[in-house]
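Heads up: the structure comes next, in structure tokens.
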Amino acid sequence: MSLDQLKKLQRETDAAIKSYQDRERKKAIAAIEAKAQEMGFSLSELTGGAVKSRKVNPPKYRNPQDATQTWSGRGRQPGWVKEILASEGDLDACLIS
């Protein structure tokens, strides 16, 4: 087999494996839901409901040149914050009231 044929075969095999895993996962979920209902519960009751979302920190700083750009003060500094710190050295003027 040529390299192109082997790569095509590999892509087809990967797709078939993913499809199989998805079908098996759906079967498992259906079986678990059926068992939960048999016992008088819903699956969400047993698992604690929806997945908890991450807390989003409110913005603390706003770019004075572009009000759509904000930063919470956590994580990596955006480029506009780095520029202000390099030129002025202070972010107090950018604080959101």
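The values are calculated or read from the model by the stated rules, or taken from the named source; none is laboratory data. Keep in mind the model is a prediction, meaning the values are calculated, not measured. Positions of Cβ are generated from backbone atoms using ideal geometry, with glycine treated the same way; all protein chains shown enter the neighbour counts. Keep in mind that these areas ignore ligands, DNA and RNA; they rest on the heavy atoms of the full protein, side chains included. Shrake-Rupley method; radii C 1.70, N 1.55, O 1.52, S 1.80 Å.
Miscellaneous remarks
- Asp4 contributes about 120 Å² of solvent-accessible surface, heavy atoms of the protein only, 1.4 Å probe.
- Straight-distance candidates among the lysines for linking to Lys35, with alpha-carbon spacing under 22 Å and chain neighbours fewer than 8 residues away dropped: Lys26, Lys27.
- Correct option for Rg and Dmax of the Cα atoms in Å [calculated from the coordinates] among (1) 12.6, 36; (2) 14.9, 50; (3) 25.8, 67: (3)
- Rounded tilt (10° steps) of 3-38 against the dominant C-alpha axis of the chain: 80 degrees
- Qualifying trypsin sites (Lys or Arg not before Pro) in the range 4-87, DSSP loop, other Cβ atoms within 10 Å at most 13: Lys52, Arg54, Lys55, Arg74, Arg76
- Take Ile84: with every protein chain present and a 1.4 Å probe, its accessible area is about 20 Å².
- Average accessible surface for the chain: 87 Å² per residue, computed with a 1.4 Å probe over protein heavy atoms with every protein chain in place.
- Helix-derived mean residue ellipticity, 222 nm - over the chain, DSSP H n ≥ 4, -39500 (n - 2.57), to 500: -17000 deg cm²/dmol
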